[in-house]
Structure formats: structure tokens, C-alpha cells
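Here's the structure we're looking at; comments come further down.
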Amino acid sequence: MRKLLLLAFFSAFIFAQDVEPFLKIDIKEMVKDITFGKTDEIVVGTDGGNLKVYNYKTKKFTKVLHVPKIKDFTGDIVETRISSVDYLNNKYLLLSDSGVGGYSDLRVDENNKTSDIFTENDKLAIIEAKFIDDENIILGFLSNEVALYNVKNKKFLYRNQLSESKFSHFALNEDRSLAAFSCESGVVTILETKTGKIVKLLKGANLDNVYKVDFKKDIVSCAGQDRRASWYNVKSSKSEYIEGNFLIYATALNPSATMAAFAMDEKNNISIFNLSTKEKKYLLKGQKSTLNGIIFKDDNTLFSASDDNIVIMWKLK
């Protein structure tokens, strides 16, 4: 009986369904971050200083927003890297390098008007920024601080140090009321976005840096430097993991949080697992560079981006 169970387990890895790209989108510049925008649109941040919005139904760019060039550490004038993008209620959020002392620029674009929130003069080393609502933005700092900034009143509502470990990534749940913050220690911090209150520390699934997280329906998935593809149930704090054979740089949960995608091998393939059975259901082949982003549109449609100019749309069924 035990041999049969082991055979079934390993067969799940061997006989996963191969999936080829449904659509390849040429962004023309190296992609650094992706998210969803309006219906049928993805929002992309590039290292060419552009936020690009692409409609994958009409197969056309609907918006391109360019930010000013910066002076790098050698004194050369270069394009800035837009490292984090977000969209909410017809507003776009752009986080980019300032070129000065490792500090960041943060801008919001609404009705085709772009306004500065922070510049290099504010001397803030922000790594990630997302909308909580129309007025508030949550920030993740290199120092592993979390802050909530009110744009209307131009003030921080809180700014808290989570730990001494270097910040890696954060993800919001569906209604943006909770955030999962990851860092180089492997610990994932769950906090209330409106108050900054820590509600739970998730430990044990990863023993090293967690590069990326996703957060849906009380499940947090983690992409680990220790080659562990892991996930937690936030309510129970219970965790599971699957060993990969390479550093795991990206992860995403489907909307129902029944499956998780992980970049698990040196060929930049994406493995999709059933979380209840640990069965490897799909193997997505076609990404050419190191994965830096995976997002699910629905349970059968997802997008991925890597350190090149191509975003891929996948259909599982």
C-alpha cells in the first residue's frame, strides 16, 4: 500500500500536463512588475522608464506613461526603472529609482495627470507600493519597515519596523485589508493595512529569504531561496511545502486559492500544484528568463513576466 501511495505521488510530478503559451506580448522593454488594470488590461512597469497598459483582448497598448530620465551613479543620464506598479479606481501608481543615494520616486497618475508623492528629496528607500483605497498607500521599505501614507493629507498614518531582516516583498489580500510581508529571514508577517497592527507571524515553511508571496482566501504562498515552494493557512498557521531543484523566484495563487504557481526550475518553467493533494497539475513552458512576476486573472488564466521584454498569457483549459 505504501509503495502504491509513493508511486502515485511521484507520478503526479511526472505526468503533469504541459501547457504552451496562449499569447506572447512584446512589451519592447525589460519587464520589472505586472498587475491587472481595467477589464482585460494588464499594467506593466519597465526598465525603460515606462508604465505600459496593454489590452489582451484587442492586443493593443491603451496607455504609455513615461517618467523623466535620471542621473546614475556615474553621472550618465539614463532611463529609470519602474519597479512597482499598481492600479485602483482609474488611478495608476508608479514606484521608480531616483538615481540619488538609492532613494525612490513615487508617482500617481489619474485622468492623465501625473503627480509626485515622493521624490529623491524625501530620502525614502521604498521597494514596494500599493493602493489600500483611494487615499492611502501602503509602502514596504528596504529596511523592512511598513508604512501607510495618506495622499490627501500628505502624512504618514503609521511607520513601523517589522524586523531587522531585509525586506523582500509584500502582497495584499482581496479586499486590501491585510498584507503579507516577507523578508530574508523566511518569516512572513501578516498585518492590518489600516492600522499596521501585526496579527500573525508565520514561521517554519521557509528557512531563508522568501523572494515573493501571494495572499488569497486566508492562504499565503511563498517562493523561497531555500528551494521550498510553500504555503500557509493564515487562520491555523499550518504550513506545507514542496522541494524544488532551483531557487524559487516567483509564486501566485489562483482566485479560489486551490492551486499555486511556482517558478521551480532552472529552465524558468512554472509548476502549478493542487494545494490539497500536492499534485503537480500543470507545467507551463515558454518563459526564457528568470521569473519576476506571476498573476492569475481567474482559475484558468494567468500571466507571467521575467527579466526580458515578453509577458506571457497562459490558458490552463
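The values are calculated or read from the model by the stated rules, or taken from the named source; none is laboratory data. Since we're looking at a predicted model, the values are computed, not measured. When we count neighbours, we look across all protein chains shown, and the Cβ atoms used for this are built from the backbone with ideal geometry, even at glycine.
Scanning region 163-192 for residues that are within 23 Å of Asn89 (Cβ to Cβ), touching a strand residue (DSSP E or B) at 6+ places or on another chain (Cβ under 8 Å) and either free of Cβ contacts under 8 Å to residues at least 24 places away in the same chain or of a type in the set (Val, Ile, Thr) (or both) yields Ser177, Glu192.
Consider region 98-133 and keep the residues that are free of Cβ contacts under 8 Å to residues at least 60 places away in the same chain and β-branched (Val, Ile, Thr). The one that is surrounded by the most Cβ atoms within 10 Å (Cβ to Cβ) is Ile126. The combined condition, being more than 20 Å from Phe170 (Cα to Cα), under 19 Å from the mean Cα position of the chain (by Cα) and modelled with pLDDT under 95, is fulfilled by Lys288.
For region 109-133, filtered to residues that are of a type outside the set (D, E, K, R) and not in a strand (DSSP E or B), the residue that is farthest from Thr35 (Cα to Cα) is Asn121. Of the strands (runs of 3 or more DSSP E) lying entirely inside region 215-317, the ones with 2 or more residues being crowded, with 23+ Cβ neighbours inside 10 Å and in contact (Cβ under 8 Å) with a residue 40 or more places away in the chain are found at 219-224, 228-233, 251-253, 259-263, 270-274, 291-298, 301-306, 310-315. Of the residues in region 134-148, at least one is part of a loop (DSSP other than H, G, I, E, B), at pLDDT 95 or above and surrounded by 17 or more Cβ atoms within 10 Å (Cβ to Cβ). Counting the residues of region 165-187 that are touching a Leu at 6+ places or on another chain (Cβ under 8 Å) and surrounded by fewer than 19 Cβ atoms within 10 Å (Cβ to Cβ) gives 2. Comparison of Val199, Val220 shows that the only residue that is β-branched (Val, Ile, Thr), in contact with a strand residue (DSSP E or B) (Cβ under 7 Å, 6 or more places away or on another chain) and more than 25 Å from Ser271 (Cα to Cα) is Val199. Report whether or not Glu164 is of a type outside the set (A, V, I, L, M), more than 19 Å from the chain's Cα centre (by Cα) and not in a loop (DSSP other than H, G, I, E, B). Considered against the rule, which asks whether it is of a type outside the set (A, V, I, L, M), more than 19 Å from the chain's Cα centre (by Cα) and not in a loop (DSSP other than H, G, I, E, B), Glu164 comes out as no. Only one entry in Lys267, Lys216 is within 17 Å of the chain's Cα centre (by Cα), among the charged types (D, E, K, R) and outside the structural domain of Asn150 (by TED's automatic domain parsing), namely Lys216.
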